[in-house]
1. Please verify whether the range 30-42 includes one or more residues that are over 28 Å from the mean Cα position of the chain (by Cα) and under 17 Å from residue 127 (Cβ atoms).
2. Give the range 37-76 a look and list any residue that's open to solvent by 30 Å² or more (accessible area, probe 1.4 Å) and aromatic (Phe, Trp, Tyr), or say none.
3. Quick test for you: out of 14, 110, pick the one residue that is touching a helix residue (DSSP H, G or I) at 6+ places or on another chain (Cβ under 8 Å), on the phi < 0 side of the Ramachandran plot and not hydrophobic (A, V, I, L, M, F, W, C).
4. Scan the range 106-126 residue by residue and report those that are under 15 Å from residue 217 (Cβ atoms), assigned to a helix (DSSP H, G or I) and open to solvent by less than 10 Å² (accessible area, probe 1.4 Å).
5. Considering only the range 83-105, state which residues are surrounded by fewer than 24 Cβ atoms within 10 Å (Cβ to Cβ) and either of a type in the set (Asp, Glu) or touching a residue at least 60 places away in the same chain (Cβ under 8 Å) (or both).
6. Name, by its number, the condition in (1) within 22 Å of residue 343 (Cα to Cα); (2) modelled with pLDDT of 90 or more that does not hold for residue 443.
7. If a residue has to be assigned to a helix (DSSP H, G or I) and in contact (Cβ under 8 Å) with a residue 40 or more places away in the chain to count, how many in the range 25-42 make the cut?
Amino acid sequence: MSAIFSICSMVLFGFAFCLSAPFAVAIMGQNIAQIEGFGLIMIAYLFLSMVVVLAFNRQAKRLTRGGMFVLACCCWITLVFAATLPFVVLENMTFAAALYEASSAATALGTTMLAPEAISTPMKAYRAITAWFGGLMTLALIVYVLSPYRVGGLPNRDLRFLLHGTGTGGPQLLRTLAEIALPYFALTFICLLLLLVQGVRPLDAALASTAALSTNGFLPTQSGGTVFNNRGAEITLIFFMMAGGTSIIWHRMILARRFELLWREHRESLGAIVIMLTFGGLISLVNGILRDQPFELLRHIFDVTAIMTTTGITHHSSHASSIPILLGFMLAMGGATTFSTSGGIKLYRLGVMLFNSIAEARQLVFPNAILAGRMDERFGRSGATKAIWSYFFLFILTLCVGFLGFAALGMDFESAFSSAVGSLSSVANLVDGAAVRAENGNLVGLWIAALALAGRLEILVILAAISDIRQR
């Protein structure tokens, strides 16, 4: 437990450091109450994290396999509860409402029960930086836990580009975190600069840049049927949403000039980009020819990219915006790529299941042919394929449970199913925002928070953590 306490305190320290962003915004706005609130909370979190590190870091030991899954759950719990306090203190929310807001922000879902005009500028910055930090933690846990232990059949053959050690401290841990955090921060900063150069207001640019890389759906400043009313800025946001939804290992291959590996070893990210562009073009073409509507290629590519990367920022707040609703559900559940901040099942898993199904169909026709070897050579051992199918079953089961929960809370069929998909895959504009402001809104909010956390953690990790705790 010493190692878990030590690493969770590091999460708290990192989150406390991120609070300097809304603290600075509050200073610029001369909001005394929020200056005091963010300042005191930041100091308290920094002090608490340092005390815990000093108390437990020397006693920390290497975690077991089961302990790593418990660690992943504890890190997310730490972030969510740490993010809850500012909502209680600064927005006078009840604990249940604050927990929903904190979970929505930390998991990069991006929904809120407040109207955009009711949210102060420092709290907008706070929601954005919380989601940005949640995206960073998502990448770190994929690299440290999900991929090394092949949770749900995830690949681990290219981890050498990022992972330099699995210990609980020391230079190897810091080197790995730097490999993840520096490109993540750099891309966010570049996106911010480009949006500012293209004339986007500073607040909009800051919210959009953090949202793009963390695939967060919180962008309350958009209005009407446009995101920026600026074609160049929307193209920039498309590019960086794609960056947020594609693999960080793929990015490292490009920076390392390992171009021979981009196609041979890591086709998933290229496939995701092709799918986004293809579906956006097809929807624009169909609407232009069959429905006699103007060709809006940029708008459709933008909305497809936002849904598939699970960012959830579209031109309208309605379900999936300009995308057919069923296609929107499919893109959201599929998600983008592994080693990214996007939610959903991930294209790698879908690809393995597709090739496995084709191989099984061919095996029925040619029962004596040797087909399994080709699958194992391309996607790894057969156990990984079984793990992927198990993950897919648990994902669909969780989706059904989420749907039944929303239906029991009074939602109609379409809203319940859409909210279940949106919560589990972290797609903001698929979640029924009006439901959290209804009479039983706190219960709906807590159910959304539970599904969003289950989607970020992946249900297999939660089950493995429960199993490890029970065996102890």
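1. Checked the range 30-42: at least one residue is over 28 Å from the mean Cα position of the chain (by Cα) and under 17 Å from residue 127 (Cβ atoms).
2. Listed by number, the residues that qualify are 47, 56.
3. One residue alone meets the criteria, 14.
4. The answer is 106, and nothing else.
5. Scanning the range 83-105 gives 91, 94, 96, 97, 99.
6. Looking at each condition in turn, residue 443 falls short on (1).
7. Total meeting the criteria: 8.
Conditions (1) open to solvent by 20 Å² or more (accessible area, probe 1.4 Å); (2) out of contact with any His (no Cβ under 7 Å at 6 or more places or on another chain); (3) outside any helix (DSSP H, G or I), marked per residue:
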residue	(1), (2), (3)
384	no, yes, no
392	yes, yes, no
398	yes, yes, no
406	no, yes, no
419	no, yes, no
423	no, yes, no
429	no, no, no
435	no, yes, no
439	yes, yes, yes
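The values are calculated or read from the model by the stated rules, or taken from the named source; none is laboratory data. Treat the numbers as computed from the prediction; the structure is a model and nothing was measured. We place every Cβ from the backbone using ideal geometry, glycine too, and count neighbours over all the protein chains shown. To get the accessible areas, we keep the full protein, side chains included, count just its heavy atoms, and leave off ligands, DNA and RNA. Shrake-Rupley method; radii C 1.70, N 1.55, O 1.52, S 1.80 Å.
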